[in-house]
Amino acid sequence: MSGKLTGKIALVTGGNSGIGLATAQRFVAEGAYVFITGRRQSDLDAAVKQIGKNVTAVQGDVSNLADLDRLFATIKQEQGHLDVIFANAGGGEIAPLGSITEEHFDKTFNTNVKGLLFTVQKALPLLPEGASIILNASTASTVGTKAFSVYSATKAAVRSFARNWILDLKERKIRVNAISPGVVPTPGYTLLGLSEEQVQEFVDSQAITIPLGRVGTPDEIAKAVVFLASDDSSFVNGIELFVDGGMAQV
Ligand code: NAD
């Protein structure tokens with residue numbers, strides 16, 4: 001690796017699985033020290049083992065503000081500051097209009113919108129000038145998906161945060177960008193409320209609509225996050241970077 005993040009301190013929320021885990025691995029390979037979060041300690045322990053070095057896991061739910069306070073107190077005590085945030089923790093479930101429950105709405109918005117917002121806001125005192133914040137949105141921020149409207153609305157909100165926060169953080173020269181993965185099979189797909197066969201059917205049906213003719217891998221997203229985290233993207237600010245094989249462009 002080329003050391004694009006040498007000496008940087010990074011946070012990856014939801015860093016114990018899927019895209020977050022792949023990104024934490026890339027960050028460490030590029031020379032960063034990484035804090036990862038997730039809700040289950042056993043999953044975090046397994047991720048720490050897989051990442052191997054330069055990583056600390058802090059258990060917590062991003063939608064719980066007390067958990068976030070504990071996370072940033074730990075980072076402050078152990079490293080004193082934070083150069084990169086990948087606000088990645090999130091997820092969704094299938095629910096067509098007509099079957100959307102209050103619980104579904106609250107859970108999705110609490111994690112994907114409230115949790116992401118307060119992750120970034122509570123991190124602000126630790127961020128030096130020139131820090132980079134990357135928000136994990138989705139192609140669902142701009143395209144419609146059947147029975148996925150609540151999730152999609154959360155991701156439109158995430159994309160909007162990047163546009164607005166670059167103005168709020170202007171004086172501090174902190175960059176904020178959104179990344180929008182397309183179809184990337186991860187453990188998160190089994191949480192959608194679909195059977196294994198249904199997940200495979202969905203993946204196959206999507207692959208033929210993608211200009212590159214296939215779905216993506218978590219590491220392909222991680223490489224793009226490294227770009228946004230590093231100096232290579234020093235003049236890139238407020239964008240939505242689609243990493244989707246062209247799916248959202250056609
Ligand atoms: P995943 O289920 O493998 O990982 C999600 C991670 O977020 C897990 O570590 C989980 O513990 C964590 N998480 C979820 N809710 C949380 C909460 N309330 N508090 C703390 N941690 C929480 O799924 P993934 O596919 O890697 O998803 C990661 C992000 O990428 C999500 O924001 C998702 O919406 C986004 N995304 C994924 C895809 C895809 O195709 N996989 C596409 C677009 C966007």
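The values are calculated or read from the model by the stated rules, or taken from the named source; none is laboratory data. As the structure is a computational prediction, the values presented were derived from the model and not from experiment. Neighbour counts are summed over all protein chains in view; Cβ atoms, including those assigned to glycine, are modelled from backbone coordinates with ideal geometry. Ligands, DNA and RNA are excluded from the accessible area calculation, which covers all protein heavy atoms including side chains. Shrake-Rupley method; radii C 1.70, N 1.55, O 1.52, S 1.80 Å.
Could you list all residues from region 68-101 that are within 16 Å of the ligand (Cβ to nearest atom) and open to solvent by 60 Å² or more (accessible area, probe 1.4 Å)?
Those that are within 16 Å of the ligand (Cβ to nearest atom) and open to solvent by 60 Å² or more (accessible area, probe 1.4 Å): 69, 70, 93, 94.
Scan region 154-165 for residues that are away from the ligand (no atom under 12 Å from the Cβ) and either without any contact (Cβ under 8 Å) to a residue 24 or more places away in the chain or in contact with a Ser or Thr (Cβ under 7 Å, 6 or more places away or on another chain) (or both) and jot them down.
Listed by number, the residues that qualify are 156, 160, 164.
Across region 187-206, what is the total count of residues that are open to solvent by less than 30 Å² (accessible area, probe 1.4 Å) and either away from the ligand (no atom under 12 Å from the Cβ) or part of a loop (DSSP other than H, G, I, E, B) (or both)?
Total meeting the criteria: 1.
Any residue in region 92-116 that's in a helix (DSSP H, G or I): show its pairings with residues that are open to solvent by 60 Å² or more (accessible area, probe 1.4 Å) at Cβ separation under 7 Å, as long as the two are six or more apart or on different chains.
Short answer, once both residue conditions are applied: 104/93.
Within region 23-67, count every residue that is within 12 Å of the ligand (Cβ to nearest atom), aliphatic (A, V, I, L, M) and free of Cβ contacts under 8 Å to residues at least 24 places away in the same chain.
The qualifying residues number 1.
Name the single residue that is nearest to residue 38 (Cα to Cα) among those in region 176-190 being in contact with a Gly (Cβ under 8 Å, 6 or more places away or on another chain) and β-branched (Val, Ile, Thr).
If we filter region 176-190 for residues that are in contact with a Gly (Cβ under 8 Å, 6 or more places away or on another chain), which is where we start, we get 176-177, 181-184, 186-188.
Next, only the ones that are β-branched (Val, Ile, Thr) stay: 176, 183-184, 186.
Details: 176: 22, 183: 22, 184: 19, 186: 15 Å.
Result: 186.
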